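Report on the structure given below.
The values are calculated or read from the model by the stated rules, or taken from the named source; none is laboratory data. Just so it is clear, the structure is predicted and the values come from calculations on it, not from any experiment. Note that we place each Cβ from the backbone using ideal geometry, even for glycine, and neighbour counts take in every protein chain shown. Ligands, DNA and RNA are excluded from the accessible area calculation, which covers all protein heavy atoms including side chains. Shrake-Rupley method; radii C 1.70, N 1.55, O 1.52, S 1.80 Å.
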Amino acid sequence: MNASTVDQTSAAIGLPADLARILALSAEFDEDVSALLNSGWNASTQRLAISMAYCKAALEHAISQRVLIEVGLHGTALSLVRLHFEAVVRAAWVLQGANDEWVTKFCTPVPDGDFSEPQMGPPIPAMLDAIKKYAPDAAREFARLNETVKVMHSFVHGGAHLVVHALRGYPPGKLVSVLQNRNLLTLQLTNVIVIGSQNPQLRGMVGKLGKKHAGCMPPLVAG
(Lines give C-alpha, C1' and ligand atoms only; values in the text may rest on other atoms or scores of the structure.)
Protein backbone atom coordinates (compact mmCIF):
# COMPACT_ATOMS: atom_id res chain seq x y z
CA MET A 1 0.00 0.00 0.00
CA ASN A 2 1.53 3.31 -1.07
CA ALA A 3 1.69 6.46 1.05
CA SER A 4 -0.92 8.39 -0.96
CA THR A 5 -3.43 5.56 -0.61
CA VAL A 6 -2.89 5.43 3.13
CA ASP A 7 -3.26 9.20 3.45
CA GLN A 8 -6.51 9.14 1.46
CA THR A 9 -7.82 6.26 3.58
CA SER A 10 -6.89 7.99 6.83
CA ALA A 11 -8.66 11.15 5.75
CA ALA A 12 -11.76 9.18 4.80
CA ILE A 13 -12.05 7.40 8.15
CA GLY A 14 -10.79 10.27 10.29
CA LEU A 15 -7.58 8.68 11.55
CA PRO A 16 -4.21 10.43 11.94
CA ALA A 17 -1.97 9.52 8.99
CA ASP A 18 0.69 7.76 11.11
CA LEU A 19 -1.92 5.61 12.84
CA ALA A 20 -3.68 4.79 9.57
CA ARG A 21 -0.35 3.81 8.01
CA ILE A 22 0.63 1.43 10.82
CA LEU A 23 -2.86 -0.09 10.79
CA ALA A 24 -2.60 -0.78 7.06
CA LEU A 25 0.87 -2.28 7.35
CA SER A 26 -0.25 -4.36 10.33
CA ALA A 27 -3.18 -5.73 8.33
CA GLU A 28 -0.79 -6.90 5.60
CA PHE A 29 1.41 -8.54 8.25
CA ASP A 30 -1.62 -10.30 9.76
CA GLU A 31 -2.50 -11.77 6.38
CA ASP A 32 0.96 -13.30 6.04
CA VAL A 33 0.93 -14.67 9.59
CA SER A 34 -2.52 -16.19 9.02
CA ALA A 35 -1.20 -17.89 5.88
CA LEU A 36 1.81 -19.18 7.80
CA LEU A 37 -0.39 -20.60 10.55
CA ASN A 38 -2.57 -22.36 7.99
CA SER A 39 0.40 -23.88 6.19
CA GLY A 40 2.21 -24.78 9.41
CA TRP A 41 -0.75 -26.17 11.35
CA ASN A 42 0.30 -29.37 13.11
CA ALA A 43 -1.91 -31.07 15.69
CA SER A 44 -0.29 -34.48 15.39
CA THR A 45 0.35 -34.75 19.16
CA GLN A 46 -1.37 -33.39 22.25
CA ARG A 47 1.51 -30.99 22.89
CA LEU A 48 1.48 -29.65 19.35
CA ALA A 49 -2.30 -29.36 19.29
CA ILE A 50 -2.30 -27.25 22.47
CA SER A 51 0.53 -25.04 21.24
CA MET A 52 -1.13 -24.50 17.86
CA ALA A 53 -4.41 -23.66 19.59
CA TYR A 54 -2.61 -20.98 21.60
CA CYS A 55 -1.06 -19.69 18.38
CA LYS A 56 -4.48 -19.40 16.80
CA ALA A 57 -5.90 -17.65 19.88
CA ALA A 58 -2.93 -15.26 20.00
CA LEU A 59 -3.38 -14.29 16.35
CA GLU A 60 -7.09 -13.73 16.95
CA HIS A 61 -6.28 -11.40 19.87
CA ALA A 62 -3.78 -9.54 17.69
CA ILE A 63 -6.20 -9.06 14.81
CA SER A 64 -8.94 -7.98 17.20
CA GLN A 65 -6.65 -5.30 18.64
CA ARG A 66 -6.03 -3.88 15.20
CA VAL A 67 -9.69 -3.91 14.16
CA LEU A 68 -10.84 -2.33 17.43
CA ILE A 69 -8.23 0.43 17.24
CA GLU A 70 -9.26 1.18 13.66
CA VAL A 71 -12.89 1.74 14.70
CA GLY A 72 -11.97 3.76 17.79
CA LEU A 73 -12.67 1.16 20.50
CA HIS A 74 -9.28 1.69 22.09
CA GLY A 75 -10.07 0.62 25.66
CA THR A 76 -11.22 -2.83 24.61
CA ALA A 77 -8.26 -3.12 22.23
CA LEU A 78 -5.82 -2.29 25.03
CA SER A 79 -7.40 -4.89 27.29
CA LEU A 80 -6.48 -7.50 24.67
CA VAL A 81 -2.78 -6.63 24.81
CA ARG A 82 -2.29 -8.75 27.92
CA LEU A 83 -4.33 -11.64 26.51
CA HIS A 84 -2.28 -11.55 23.30
CA PHE A 85 0.99 -11.57 25.22
CA GLU A 86 0.01 -14.45 27.49
CA ALA A 87 -1.27 -16.57 24.59
CA VAL A 88 2.04 -16.16 22.73
CA VAL A 89 4.10 -17.03 25.81
CA ARG A 90 1.91 -20.05 26.55
CA ALA A 91 2.22 -21.26 22.97
CA ALA A 92 6.01 -21.13 23.26
CA TRP A 93 6.05 -22.67 26.73
CA VAL A 94 3.77 -25.58 25.85
CA LEU A 95 5.78 -26.32 22.72
CA GLN A 96 9.09 -26.89 24.50
CA GLY A 97 8.90 -25.87 28.16
CA ALA A 98 6.00 -27.85 29.63
CA ASN A 99 6.71 -31.36 30.85
CA ASP A 100 4.78 -34.40 29.63
CA GLU A 101 2.90 -34.72 32.93
CA TRP A 102 1.48 -31.21 32.56
CA VAL A 103 0.39 -31.89 28.98
CA THR A 104 -1.39 -35.10 30.03
CA LYS A 105 -3.19 -33.40 32.92
CA PHE A 106 -4.19 -30.45 30.73
CA CYS A 107 -5.86 -32.87 28.31
CA THR A 108 -7.78 -34.72 31.02
CA PRO A 109 -11.53 -34.57 30.27
CA VAL A 110 -13.72 -32.85 32.86
CA PRO A 111 -17.21 -34.10 33.75
CA ASP A 112 -20.22 -32.53 32.03
CA GLY A 113 -21.29 -29.40 33.87
CA ASP A 114 -17.89 -28.95 35.52
CA PHE A 115 -16.37 -25.67 34.42
CA SER A 116 -13.12 -26.00 36.35
CA GLU A 117 -9.80 -26.19 34.53
CA PRO A 118 -8.19 -29.64 34.46
CA GLN A 119 -4.73 -28.06 34.78
CA MET A 120 -3.48 -24.48 34.78
CA GLY A 121 -0.05 -23.36 33.63
CA PRO A 122 2.53 -21.70 35.88
CA PRO A 123 2.82 -17.91 36.24
CA ILE A 124 4.42 -15.98 33.39
CA PRO A 125 7.83 -15.56 35.14
CA ALA A 126 8.09 -19.33 35.58
CA MET A 127 7.22 -19.87 31.91
CA LEU A 128 9.87 -17.37 30.86
CA ASP A 129 12.44 -19.20 33.00
CA ALA A 130 11.55 -22.47 31.26
CA ILE A 131 11.68 -20.87 27.80
CA LYS A 132 15.06 -19.35 28.63
CA LYS A 133 16.59 -22.84 28.82
CA TYR A 134 16.00 -23.59 25.13
CA ALA A 135 15.44 -20.14 23.60
CA PRO A 136 17.27 -17.46 25.62
CA ASP A 137 16.83 -14.76 22.97
CA ALA A 138 13.07 -15.31 22.84
CA ALA A 139 12.83 -15.34 26.64
CA ARG A 140 14.74 -12.06 26.79
CA GLU A 141 12.37 -10.45 24.27
CA PHE A 142 9.32 -11.81 26.09
CA ALA A 143 10.65 -10.37 29.36
CA ARG A 144 11.12 -6.96 27.74
CA LEU A 145 7.64 -6.99 26.24
CA ASN A 146 6.24 -8.13 29.58
CA GLU A 147 7.40 -4.84 31.09
CA THR A 148 5.54 -2.88 28.41
CA VAL A 149 2.24 -4.72 28.94
CA LYS A 150 2.12 -4.67 32.74
CA VAL A 151 0.05 -1.49 32.69
CA MET A 152 -2.56 -3.35 30.65
CA HIS A 153 -3.59 -5.23 33.80
CA SER A 154 -5.47 -2.03 34.60
CA PHE A 155 -7.56 -2.37 31.45
CA VAL A 156 -8.25 -6.06 32.13
CA HIS A 157 -9.18 -5.60 35.79
CA GLY A 158 -10.85 -2.19 35.68
CA GLY A 159 -8.13 -0.06 37.27
CA ALA A 160 -7.33 3.64 37.15
CA HIS A 161 -5.77 3.54 33.66
CA LEU A 162 -9.03 2.23 32.25
CA VAL A 163 -10.98 5.05 33.92
CA VAL A 164 -8.54 7.75 32.75
CA HIS A 165 -8.62 6.40 29.21
CA ALA A 166 -12.42 6.41 29.18
CA LEU A 167 -12.40 10.06 30.30
CA ARG A 168 -9.74 11.53 28.01
CA GLY A 169 -8.85 8.94 25.37
CA TYR A 170 -5.53 7.43 24.32
CA PRO A 171 -2.96 9.47 22.30
CA PRO A 172 -2.58 8.32 18.66
CA GLY A 173 1.21 8.19 19.04
CA LYS A 174 0.90 5.68 21.85
CA LEU A 175 -1.51 3.60 19.79
CA VAL A 176 1.16 3.42 17.09
CA SER A 177 3.61 2.08 19.68
CA VAL A 178 1.01 -0.44 20.89
CA LEU A 179 0.63 -1.74 17.35
CA GLN A 180 4.38 -1.88 16.77
CA ASN A 181 4.86 -3.94 19.93
CA ARG A 182 1.89 -6.09 18.94
CA ASN A 183 3.61 -6.81 15.65
CA LEU A 184 6.92 -7.65 17.30
CA LEU A 185 5.15 -10.07 19.61
CA THR A 186 3.35 -11.61 16.66
CA LEU A 187 6.70 -12.02 14.89
CA GLN A 188 7.82 -14.03 17.94
CA LEU A 189 4.66 -16.08 17.48
CA THR A 190 5.68 -16.97 13.93
CA ASN A 191 8.79 -18.63 15.35
CA VAL A 192 6.58 -20.88 17.50
CA ILE A 193 4.47 -21.71 14.45
CA VAL A 194 7.51 -22.63 12.36
CA ILE A 195 9.05 -24.82 15.07
CA GLY A 196 5.73 -26.50 15.85
CA SER A 197 5.00 -27.16 12.19
CA GLN A 198 8.02 -29.49 11.98
CA ASN A 199 8.06 -28.54 8.31
CA PRO A 200 11.60 -27.95 6.96
CA GLN A 201 10.15 -25.92 4.08
CA LEU A 202 9.10 -23.19 6.53
CA ARG A 203 12.60 -22.62 7.87
CA GLY A 204 13.72 -19.06 7.37
CA MET A 205 10.16 -17.72 7.25
CA VAL A 206 10.56 -15.71 10.47
CA GLY A 207 13.48 -13.76 9.03
CA LYS A 208 11.67 -13.24 5.73
CA LEU A 209 8.56 -11.91 7.46
CA GLY A 210 10.65 -9.70 9.72
CA LYS A 211 12.33 -8.07 6.72
CA LYS A 212 9.17 -7.82 4.64
CA HIS A 213 7.22 -6.14 7.45
CA ALA A 214 10.00 -4.14 9.08
CA GLY A 215 7.99 -0.97 8.50
CA CYS A 216 5.41 -1.92 11.10
CA MET A 217 7.86 -3.08 13.76
CA PRO A 218 9.35 -0.91 16.55
CA PRO A 219 12.03 1.45 15.14
CA LEU A 220 14.96 -0.39 16.71
CA VAL A 221 13.91 -3.67 15.05
CA ALA A 222 13.21 -1.97 11.75
CA GLY A 223 16.65 -0.44 11.75
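Taking the options Glu70, Glu60, Glu31, name whichever one is touching a Leu at 6+ places or on another chain (Cβ under 7 Å), open to solvent by 60 Å² or more (accessible area, probe 1.4 Å) and at pLDDT 95 or above.
When all the criteria are applied, what remains is Glu70.
Would you say Leu36 is of a type in the set (A, V, I, L, M), more than 23 Å from Lys212 (Cβ to Cβ) and open to solvent by less than 40 Å² (accessible area, probe 1.4 Å)?
Here the answer is no, as Leu36 does not meet what is asked.
When you scan the stretch 196-220, how many residues do you find that are closer than 21 Å to Met52 by Cβ and aliphatic (A, V, I, L, M)?
Number satisfying all stated conditions: 4.
Please enumerate the residues belonging to the stretch 45-84 that are assigned to a helix (DSSP H, G or I), closer than 25 Å to Phe106 by Cβ and without any contact (Cβ under 8 Å) to a residue 40 or more places away in the chain.
Result: Ala49, Ala53, Lys56, Ala57, Glu60, His61, Ser64, Leu80.
Could you tell me which numbered condition Ile195 fails, if it satisfies all but one of (1) within 16 Å of the chain's Cα centre (by Cα); (2) within 21 Å of Pro136 (Cα to Cα)?
Condition (1) is where Ile195 drops out.
Applying the selection to the stretch 86-115, what residues are of a type in the set (A, V, I, L, M, F, W, C), open to solvent by less than 70 Å² (accessible area, probe 1.4 Å) and either without any contact (Cβ under 8 Å) to a residue 24 or more places away in the chain or assigned to a helix (DSSP H, G or I) (or both)?
Ala87, Val88, Val89, Ala91, Ala92, Trp93, Val94, Leu95, Trp102, Val103, Phe106, Val110, listed by residue number.
Between Ala130, Ala138, which is free of Cβ contacts under 8 Å to residues at least 60 places away in the same chain and under 20 Å from Leu36 (Cα atoms)?
Ala138
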